[in-house]
Amino acid sequence: MYCRWASSSPLLVSASERHVQGHDKMATLVSNSQLVLPPMQRLVSRACALFSARAYVHQYERYGMAADELFLQLAALERVCHAYAELGPAT
């Protein structure tokens, strides 16, 4: 079911020191399985709770990301979770 370079784990986390398009930090999620949905939902739920409490928002603003932009990105992640959930039950 998985390509030969993928592990049998539904979620594999790795890191790199390489800069991408001038950014020193970024995250990418690639999955061909709905098994990634529960951890992603927990991540988004926690991030939204932290944002609602304005936790760490000042740090994002210090580095040029307005609270409105952060809110829009969290909303986009919620839409991704909703789209995955609409596909049906995880297998």
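The values are calculated or read from the model by the stated rules, or taken from the named source; none is laboratory data. Quantities reported herein were computed from a predicted structural model and do not represent experimental measurements. All Cβ positions, glycine included, derive from the backbone under ideal geometry; neighbour counts span all protein chains shown. Accessible surface is based on the protein model in full, side chains and every heavy atom, while ligands, DNA and RNA are left aside. Shrake-Rupley method; radii C 1.70, N 1.55, O 1.52, S 1.80 Å.
The heavy atoms of MET65 offer some 60 square angstrom of accessible surface to a 1.4 angstrom probe. Computing FRET efficiency as 1/(1 + (r/R0)^6) for SER16 and GLN41, where r is the C-beta to C-beta distance and R0 is 25 Å, gives about 0.45. Using a probe of 1.4 Å, the accessible surface attributed to GLU78 totals some 100 Å² when neighbouring protein chains are kept in position.
Computed over neighbours whose Cβ is under 13 Å from that of TYR60, the net charge equals 0, Lys and Arg +1, Asp and Glu -1.
In what order, largest first, do SER45, SER52 sit by accessible area if the probe radius is 1.4 Å?
Per-residue accessible area, sorted high to low, gives SER52, SER45.
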